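The values are calculated or read from the model by the stated rules, or taken from the named source; none is laboratory data. None of these values were measured; they are calculated from a predicted model. Methodologically, a virtual Cβ is constructed for each residue, glycine included, from the backbone with ideal geometry; neighbour enumeration extends over all protein chains shown. The accessibility values were calculated without ligands, DNA or RNA, using every heavy atom of the protein model including side chains. Shrake-Rupley method; radii C 1.70, N 1.55, O 1.52, S 1.80 Å.
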Amino acid sequence: MLLTLLIVALILVWLIIRPFAAALFMALVMAVTFYPWRRRLTARLGGHRTLASFLITLGLLIALVLPVVTLGVVAVREAADTLDYMHQVLAEEGVDGVIKLIPEPLQGWVARAWQQLPRQEQNAEFIFGLERRGAGMIPRALNWAGQIVGQTALMMVGLFFMLLDGGRLAGWVAETMPLPRRHLRELFTEFRTVSATVLLGSIVTAGVQAAFAFAGYLIARVPNASFLALVTFFLGLIPILGAGGFSFLIAIYMYLTGHLGSAIFLAAWSALVVGTVDNVIKPIVMKGGMQLHGAIVFFALLGGLAAFGPVGLVLGPLSVSLLLAVLRIYQRDFAPANSAAAVDVAPLDAAPGEPPPST
């Protein structure tokens with residue numbers, strides 16, 4: 001009966017926190033990462049925990065919200081200006097005027113594709129229909145933006161209270177969980193190490209890549225270099241495209257718009273500098289953090305991103321590390337002595353008769 005009540009309670013609690021589980025998880029990750037900073041700041045402020053927690057939360061809010069708001073405002077403004085300009089060109093010059101706005105290397109292909117459309121669709125109403133469908137996406141975009149604002153607010157509220165009473169919360173968990181304190185301490189240490197390593201490592205690496213990309217944009221005289229550098233930073237947090245891939249796309253755009261020299265320079269800069277700097281910065285930042293192979297971390301990032309969205313960039317490596325921590329605790333403290341003993345295993349590519357490596 002007790003187990004049944006426990007399962008029912010867990011299901012009910014999950015249904016309650018599911019709408020903002022991602023926000024609470026990121027608040028927990030940031031609270032664990034910045035909790036030592038809160039303790040040092042509290043000591044400097046004469047023991048004022050509330051003020052120290054508020055200042056750290058405010059600083060993180062500014063650091064997170066200001067770039068996102070700037071990116072959103074610029075994107076909305078550019079999209080609105082583009083739609084107005086396209087509407088004006090369609091009204092004055094028709095579809096041919098729109099085709100002239102396309103980069104010259106693509107104009108011939110787009111013109112031939114337009115001529116292959118049925119005659120009844122070769123009119124401005126076709127483009128106006130696309131424009132109306134694009135305008136219909138505005139309410140969905142506003143709803144998406146509202147959800148982001150709401151989740152961010154919940155995350156910041158949760159972060160403040162976790163920074164304020166994190167020690168009491170950890171003590172309550174230690175008293176409630178049916179595990180020895182040494183096991184909880186080991187799991188908590190693993191969680192704190194992996195969270196801080198992934199969060200700070202990803203942010204620092206993306207920031208360095210964005211800085212190098214911004215320098216390349218300035219040298220290549222790319223329009224809106226500051227805005228593109230901000231986009232490069234956010235895409236640098238994603239391991240699939242990354243900062244180098246985005247800056248390479250900018251190089252392709254420069255080529256299509258007739259800037260051959262700038263395109264060649266930016267393509268080389270993206271491949272040799274922006275795309276490879278993470279191989280230097282990330283190992284330095286994550287040194288002594290996660291005891292995982294680089295390939296495992298890479299696939300954990302990709303799998304976490306595919307399964308959980310942006311939160312998976314932290315949850316993926318964290319899940320793998322916690323699994324290994326649980327297995328390590330089991331093997332050390334619960335497994336029979338004969339199975340816990342070290343076994344010498346020869347590598348798969350060892351020659352016949354070759355002794356196994358020493359453990």
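Residues in the stretch 238-256 that are open to solvent by 50 Å² or more (accessible area, probe 1.4 Å) and either within 18 Å of the chain's Cα centre (by Cα) or more than 30 Å from A306 (Cα to Cα) (or both): I238, I240, L241, Y255. Filtering L24, L15 for residues that are assigned to a helix (DSSP H, G or I), at pLDDT 85 or above and open to solvent by 60 Å² or more (accessible area, probe 1.4 Å) leaves a single hit, L15.
Within the stretch 144-191, the residues that satisfy the criterion of being open to solvent by 50 Å² or more (accessible area, probe 1.4 Å), of a type in the set (A, V, I, L, M, F, W, C) and either in contact with a Ser or Thr (Cβ under 9 Å, 6 or more places away or on another chain) or in contact (Cβ under 8 Å) with a residue 60 or more places away in the chain (or both) are I148, L154, V157, F161. The set of residues in the stretch 192-214 that are open to solvent by less than 30 Å² (accessible area, probe 1.4 Å) and of a type in the set (A, V, I, L, M) comprises V194, A196, V198, L199, A206, A210, A213.
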